[in-house]
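Visitor: Okay, here's the structure, questions in a sec.
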Amino acid sequence: MLSDIKKDATTRMQKSVDAFRQELTKLRTGRATTALVDHLKVNYYGSEMPLSQVATVAVADARTLTITPWEKPMVAVVEKAIFASDLGLTPNTAGTVIRINLPPLTEERRKELSKHVHAGGEDAKVAIRNIRRDANHHIKELLKDKQITEDEERSSEADIQKLTDKAIKDVDDVVKAKEQELMAV
């Protein structure tokens, strides 16, 4: 019972950290990365497909992404998806190769992105604390039903708190790493 609660809390907290980390890959820093376009969906003969399943995405240099659709008719469709996205980038097409040049970030934009990273970090921490609250609630229910002793309750709540502290530290580390990446010129 208690081990199941701890295991569930650990899994859910790790998923929260991973989801936050995944969300940050979509954030544009000064460097080109294929993760910028991973979330883009392209209309492929009537069905929505991830960009990676209809084209090759590569990093040409520090500020340029190249996208090479596998079929020539897909070039215009991929371009349209990039324009429609929230990236705010302009694709340049040369034959079948689409190039996306990433302009350097201004200091103001870096600070704005940094605030966005911190806000996302706080949201992830709130999710982790909610998981802690749920786990503690289950432990209190077990105590109320006399399935565990008060000592087991205290030690389990302490274990849950340790898991929470570790997950929050992981979120802080992710925020710090992303902020350093953003501020690097």
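Visitor: Could you name the lysines whose alpha carbon sits less than 21 Å from that of K6, not counting residues in the same chain fewer than 8 places away?
Guide: Filter leaves K15, K125, K140, K144, K146, K162, K166, K169.
Visitor: Over segment 49-183, with the other protein chains present, what is the accessible area per residue in square angstrom, probe 1.4 angstrom? Intermediate values should be presented prior to the final figure.
Guide: On the way: 7800 Å² over 135 residues.
I get 58 Å² per residue for this part.
Visitor: Given the options L143, I160, N130, identify the residue whose Cα lies farthest towards the positive end of the charge dipole of segment 89-185 (+1 on Cβ of Lys, Arg; -1 on Cβ of Asp, Glu).
Guide: N130
Visitor: I'd like the carbon and sulfur percentage of the solvent accessible area for segment 18-103, probe radius 1.4 Å, heavy atoms only, ligands and nucleic acids excluded. Don't jump to the answer; show the numbers that get you there.
Guide: Working: 2470 of 4570 Å².
Within segment 18-103, the accessible surface is 54 percent carbon and sulfur.
Visitor: For Cα extents along the principal axes in Å, the choices are (i) 62, 37, 29; (ii) 43, 38, 30; (iii) 72, 41, 21; which was calculated from the structure?
Guide: Working out Cα extents along the principal axes in Å from the coordinates points to (iii).
Visitor: Separate question: For segment 57-157, take N as its residue count and report Rg(C-alpha) divided by 2.2 N^0.38 Å.
Guide: Working: Rg = 25.0 Å, N = 101, 2.2 N^0.38 = 12.7 Å.
Its radius of gyration relative to the 2.2 N^0.38 Å reference: 1.97.
Visitor: Cut-off under 23 Å on the C-alpha distance; same-chain residues fewer than 8 positions from K80 excluded. Which lysines are left, in chain and number order?
Guide: Cross-link targets: K26, K41, K72.
Visitor: Using the Cα centre of segment 44-94 as the reference point, and only Cβ charges (+1 on K/R, -1 on D/E), how large is the resulting charge dipole? Debye, rounded to the nearest 20. List each step's numbers first, then the result.
Guide: On the way: 3 positive and 5 negative charges, 20 e Å.
Result for segment 44-94 is approximately 100 debye, rounded to the nearest 20.
Visitor: Have a look at E141, E122, E157 and tell me which one the Gaussian network model of the chain (Cα, springs below 10 Å) gives the largest fluctuation.
Guide: Residue with maximal mean-square fluctuation among E141, E122, E157: E141.
Visitor: Mind running the shape call on segment 2-45? Use the C-alpha gyration tensor, a ≥ b ≥ c as the square roots of the eigenvalues: rounded below 1.5 for a/c, prolate if a/b tops b/c, oblate otherwise.
Guide: Numbers: a/c = 6.18, a/b = 2.08, b/c = 2.97.
Note, shape of segment 2-45 comes out oblate.
Visitor: Let me ask you something else. Please compute one quarter of the surface area of the Cα convex hull for segment 1-106 and express it in square nanometres. Walk me through the numbers before you get to the answer.
Guide: Details: hull surface 36.1 nm².
Here the figure is 9.0 nm², rounded to one decimal.
Visitor: Express the relative contact order of segment 43-185 as a whole percentage, based on alpha carbon pairs under 8 Å and six or more residues apart in sequence.
Guide: Values: 112 pairs, mean separation 24.6, N = 143.
Normalised by residue count, the contact order of segment 43-185 is 17 percent.
The values are calculated or read from the model by the stated rules, or taken from the named source; none is laboratory data. Everything quoted here is computed from the prediction, not taken from an experiment. When we count neighbours, we look across all protein chains shown, and the Cβ atoms used for this are built from the backbone with ideal geometry, even at glycine. Surface areas here come from the heavy atoms of the whole protein model, side chains and all, with no ligands, DNA or RNA. Shrake-Rupley method; radii C 1.70, N 1.55, O 1.52, S 1.80 Å.
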